[in-house]
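Written below as structure tokens is the structure these notes are about.
Here, each number is a calculation from the coordinates, and none is a lab measurement. Bear in mind that the values here come from a model prediction, so they are computed numbers and not experimental data. Note that each Cβ is placed from the backbone with ideal geometry, even for glycine, and that neighbours are counted across all protein chains shown.
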Amino acid sequence: MTAAESVKALKEKFPAAVTGETEFRGEQTVVVTAESLVAVMGWLRDELAYDLLLDISSVDHLGVEPRFEMVYELYSIAAKMHLRVKVAVPEEEVATVSHIWPTADWHEREVYDMMGIRFAGHPDLRRILMWDGYPHFPLRKDFPLAGKSTDVPDVAFTGVAPLAGGPFVTSSGAADRVAAEPRAKGESGTGDRG
């Protein structure tokens, strides 16, 4: 079976669930409804042998409703075929697939942390990269590139740098990036900079 045949079989099994399909450079993408996501994903794993969840990512379509879209990259090790499944995320929440593929656990936590999309039924949905209590989602398109104001002090500019006088040295006025890289004292060929 090929990935294109997988899409055909999926459309026959779940005709109301599939809302679109595309083929680009030999890669198959199928779009399914959020309500059918768990049933479709379970069937793809159990019946079509997509036994590996490669990745989960999200897309922010700022200005379009629904704003967010989930993208699942699936692979069948036995058949050596790849399939991309997309689903629009209504109201910033979609069902978890961590009970189908345990590797989805951390992928979903990262999407939640960076984009704010919640996964209904996830066993441990908490931040994975940002600290607890951080009120923003850095990968959303409306997050300003300069960051958001915070009550956390600028530690790097409030006093002596933590490594000042330590084992590493750097040269901020160096002529090139190689010379400016931090290294152990006495390690460079141009002499000790610290």
For this session: Consider Ala95 carefully, then state whether it is among the small types (Gly, Ala, Ser) and in contact with a helix residue (DSSP H, G or I) (Cβ under 8 Å, 6 or more places away or on another chain).
Result: yes
Exercise. Going through region 79-108 one residue at a time, which ones are farther than 21 Å from Ser36 by Cα and free of Cβ contacts under 8 Å to residues at least 24 places away in the same chain?
Worked result: Lys80, Trp106
For this session: Could you check Glu69 against (1) under 24 Å from Phe137 (Cβ atoms); (2) over 20 Å from the mean Cα position of the chain (by Cα) and say which number it fails?
Result: (2)
For this session: Among the residues of region 1-33, write down those that are part of a helix (DSSP H, G or I) and within 16 Å of Met81 (Cα to Cα).
Result: Ala3, Ala4, Glu5, Ser6, Val7, Lys8, Ala9, Leu10
Exercise. Could you list, in sequence order, the residues of region 1-29 that are free of Cβ contacts under 8 Å to residues at least 40 places away in the same chain, surrounded by fewer than 16 Cβ atoms within 10 Å (Cβ to Cβ) and of a type in the set (A, V, I, L, M)?
Worked result: Ala4, Ala9, Ala16
